[in-house]
Amino acid sequence: MNKLTVIDVFCGSGGFSEGFRQQGFTIKLGIDSWKPAIDTFNHNFGLKSEVKNVLDFRKSIKEIEALPDTDIIIGSPPCVSFSHSNLSGKADKSSGVLLTKIFLRIVAVKKFKKGSQLKAWYMENVTNSTNYLNDYYTFKDLGLTKWAQKNGHSPQKKAIILEGNQSFINSADYGSTQKRTRVISGEIVRKRGKVLKKGRFSIPPRTHRNSRTEGEQPFHKPLSIIKNGLPKPNQRKSNKTILDPQYDGLKLNACELSDHFYDTGLYACEWKQSEHYKTNHPYMGIMSFPENEDRPSRTITATKIGSSREAIIYRSEFHRIDDGEYRTPTVREAACIMGFPITFQFKGSEGTKWRLVGNAVCPTVSRAFARHLRHELGLPAIERPIVQSTVNSDGIINLNSYSEKAFNNRPKRNKNSRFRRQPFKDGNITVTLSNYDIVKKDKNVSRWITSVQYGNGDGFPTYIYPDETHLELEPLIRKSKSGIPFLEIINNGFSEKIAKCDELQRLYESQASANNLLEPTELVKEVANIINALGIDNETFKQNGTTIFEKKKDVPLKQLFALYAISNISAKVNV
């Protein structure tokens, strides 16, 4: 019983399997329809699994029965349709439900077959999936009516019970340097040779805690363990010995460390957009920029985009200003954050490798479940994770270039891209410059518009202002001691940096200012810089007898100044 076997459905690169391997389980087969995933899985586990579409198991029970009988079945059905980030959580969930049911169908057949050896199964998915899956599934629900009758079961019998057999798991609670919350479902169906009448789900005890939680466990591991534990990506090629920042005793020559010594620097237009979304989002909270390395990393995603709110951004080790000043993690850094050992290899291009890493189950989490399962089954504990000690580089395209990136191909936006930006959020208000009607959510750009939003969420009241609004505001602004200096700056020098309508759109699409004319993101940012430099953070504009801001009686004086500046831009752009 010491050599328990595992089959991994939707195996991806093998993060789920890696955790079980580290606890002495033998991985028998991986199933995935994406060739880079199967190639990576086979490479690291020494297998010959073939590309397989899981949809094939939808109708063919014979194909399920032909799968090797194993002690454990694990799986992570694709989470794209369930994810909150997919169309803001409004994507069609049917594909996610279907793939999950196919996985549960496989489990049900292996669980209830005559002479079954299945002892446990586990499934991982995003937390949002629980809103779309049933509390339980009968044989009939899983398309197993005839199979159930043939094997002596009622089609109405509950084959798989999810309610009470699942829990939200934060990877940081299990020693990961990443805060990644997922739902783990499963059952232990056989224990010490006995068939349990009712399978039960058991979660491993947490090994770490956050600083606000009482307990004896150590605090969550910070990102700095990975960031400082690996060599700097701009180091030259060497044979210096490096240690895995998470696996004691695992060491390599630096020249053997793959996918790390290359330049992931971002164009200024990319990291500045990420900075804006993180620190000045119109209705979402403030995030660290660059990353706070004293805390666990945020979730590694499957898409490597340096311009998004979700992007993980570091200051580059190359000393540069603007282009290349900040960077994304290397693939190796991302893999270590996920919990892979430094010997684990990924096949494909940089984008493919990043997807393989971001889609994986954290080995730190799966190892915790595998270790706990050993305890539940009465097996001896494995204190030190079993990891591959050497690197198999056969067929691996190593991303290491040991060179600095040339920033000579700035990314451009699509023609007629929509623009929306505010100088800052203050007093629960944003003053916005946009090239489309935010209220109507126009898909086509037309003219440049000044608007004000109230509240913290999408859909809160928005009011559009005429282009000449700033002229009405000027007498009010002059009453402030900072008003006259502000007006001098805005109307002398700043106004000369404002392009006409079509030219401003062209600058936005090219993501570059030109000929003393600022592209719109820089234009709005300069408005913020001008106002912030006035030192009026705590001053209030009291609307005594005036109605400039519809939903507020008193507003930050900064927002009155912002409304003047943005309206001034709209008026000059639309001439």
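Of P475, I498, Q511, which is farthest on the positive side of the dipole of region 420-573, counting Cα position, with +1 on Lys and Arg Cβ, -1 on Asp and Glu Cβ, and the Cα centre as origin?
P475
Taking 7 Å along the Cα-to-C-beta vector as the label spot, tell me the S393-K114 distance in nanometres, rounded to one decimal.
5.5
Below 10 angstrom from the Cβ of T40, what's the summed charge of the other residues (Lys, Arg +1; Asp, Glu -1)? Provide the component values of the computation, followed by the final result.
Values: positive: K35, K347, K353; negative: D32, D39.
Once positives and negatives cancel, what remains is +1.
Placing +1 on the Cβ of each Lys and Arg and -1 on the Cβ of each Asp and Glu in the chain, which of S129, F20, F549 has its Cα farthest towards the positive end of the resulting dipole?
After comparing all options, I get F20.
Return the long-range amide H neighbours of H220 (sequence gap of 5 or more, or a different chain), with a cut-off of under 5 Å between placed amide H atoms.
R209, N210, S211
Can you list the residues, at least 5 places off or on another chain, whose amide H is less than 5 Å from the amide H of E539, using H built in the peptide plane?
L557
Mind ordering 143-149, 51-57 by average Cβ neighbours within 10 Å, highest first? Walk me through the numbers before you get to the answer.
On the way: 143-149: 17.0, 51-57: 15.4.
Averaged packing, sorted descending, gives the order 143-149, 51-57.
What's the exposure ranking of C255, C501, C269, going from fewest to most Cβ atoms within 10 Å?
C255, C501, C269
Using the Karplus equation 6.51 cos²θ - 1.76 cosθ + 1.60 (θ = phi - 60°), what ³J(HN,Hα) coupling, rounded to whole Hz, does each residue of region 218-224 give in order, writing x for Gly and Pro?
Going residue by residue, I get x, 5, 3, 6, x, 4, 4 Hz, with x marking Gly and Pro.
Calculate how steeply helix 520-532 sits against the longest principal axis of the alpha-carbon atoms of the chain, using the helix alpha-carbon long axis, and give the answer as 0 to 90 degrees to the nearest 10.
70
Highest mean first, what order results for 290-296, 177-183, 216-222 on Cβ atoms within 10 Å? List each step's numbers first, then the result.
Numbers: 290-296: 17.4, 177-183: 20.7, 216-222: 15.1.
Peptide ranking by packing, descending: 177-183, 290-296, 216-222.
Hey, what do the phi angles of region 429-435 turn into as Karplus ³J(HN,Hα) couplings, whole Hz, using 6.51/-1.76/1.60 and θ = phi - 60°, x for Gly and Pro?
Result, ordered by residue: 10, 10, 9, 10, 9, 9, 10 Hz.
Helix 363-376: angle to the longest alpha-carbon principal axis of the chain, degrees 0 to 90, nearest 10?
Between helix and principal axis, roughly 30 degrees.
Which entry is the computed P(r) over Cα pairs in 10 Å bins from 0, in percent for this structure: (1) 3, 15, 22, 20, 17, 13, 7, 2, 0; (2) 3, 17, 27, 29, 18, 6, 0; (3) 3, 14, 21, 21, 16, 9, 6, 4, 3, 2, 1, 0, 0?
After the calculation, the listed value that fits is (1).
Name the residues whose placed amide hydrogens come within less than 5 Å of the amide hydrogen of Q511, ignoring near sequence neighbours (fewer than 5 apart) on the same chain.
Answer set, sorted by chain and number: R413.
How much mean residue ellipticity at 222 nm does the chain get from its helices, if each DSSP H run of length 4 or more adds -39500 (n - 2.57) and you divide by all residues, to the nearest 500 deg cm²/dmol? It would help to have the intermediate numbers written out before the result.
Numbers: 15 runs with 155 residues, N = 575.
When only DSSP H runs of four or more count, the value is -8000 deg cm²/dmol.
Could you give the size of the charge dipole of the chain about its Cα centre, using +1 on the Cβ of each K and R and -1 on the Cβ of each D and E, expressed in debye and rounded to the nearest 20? Numbers along the way, then the final one.
On the way: 86 positive and 60 negative charges, 537 e Å.
Rounded to the nearest 20 debye, it is 2580 debye.
When the convex hull of the Cα atoms of region 420-573 is projected onto a plane and the area is averaged over all directions, what value comes out in nm²?
Details: hull surface 34.6 nm².
So the mean shadow area of the Cα hull is 8.6 nm².
If we sort 367-376, 300-309, 335-344, 533-542 on the protection proxy, mean other Cβ atoms within 10 Å, highest first, what's the order?
335-344, 367-376, 300-309, 533-542
Every read-out reported here was derived from the displayed coordinates using simple, explicitly stated rules and does not represent laboratory data. Bear in mind that the values here come from a model prediction, so they are computed numbers and not experimental data. Reconstructed Cβ throughout: ideal geometry from the backbone, glycine too, with neighbour counts over all protein chains shown.
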